[in-house]
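Just below is one structure, and these are the notes that go with it.
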Amino acid sequence: MANEPEHDDPAEEMREEIARSRELVSRNLSGLRYELDFPRKIRRSFQTQTVLWLAVAAAAGLLFTVLPGRKKKVYVDLKSARKSTGRLLEAGFLLGVLKIAANVLKPVIVSFLKKKVSAFASGSRHSGK
């Protein structure tokens, strides 16, 4: 009489179940990666329906150029606008005066610096001997 093999070892059954579940998870994961590969899907769609993609792109570009831009409303307080205008005029006047003063005083400052540098250079020559 042949001995009929009894049930496998419970550990062996557990290993087989783990192997089956790993294979199932691996298959599901590769399917998920395939479904979520959007760049590949877009490339393939563009290759098969090029005219449609170009028409949609042209329509979107036309729509963006035809639609008017959003106009932003700016509310200005007249009192603060007058104050800022006055300050701006003062700053411009001050800069103009400084520019004129710099042009007038430039020769005086240059000659003064020339004398100081020449005095310093002649003084250093004598002290070095």
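Scanning segment 33-77 for residues that are surrounded by 10 or more Cβ atoms within 10 Å (Cβ to Cβ) and more than 32 Å from the chain's Cα centre (by Cα) returns a single hit, Q49. Each residue in segment 5-26 was checked for being assigned to a helix (DSSP H, G or I), modelled with pLDDT under 90 and not aliphatic (A, V, I, L, M), and 1 of them qualify.
The values are calculated or read from the model by the stated rules, or taken from the named source; none is laboratory data. Everything quoted here is computed from the prediction, not taken from an experiment. Counting neighbours? That spans all protein chains shown, and the Cβs are built from the backbone with ideal geometry, glycine included.
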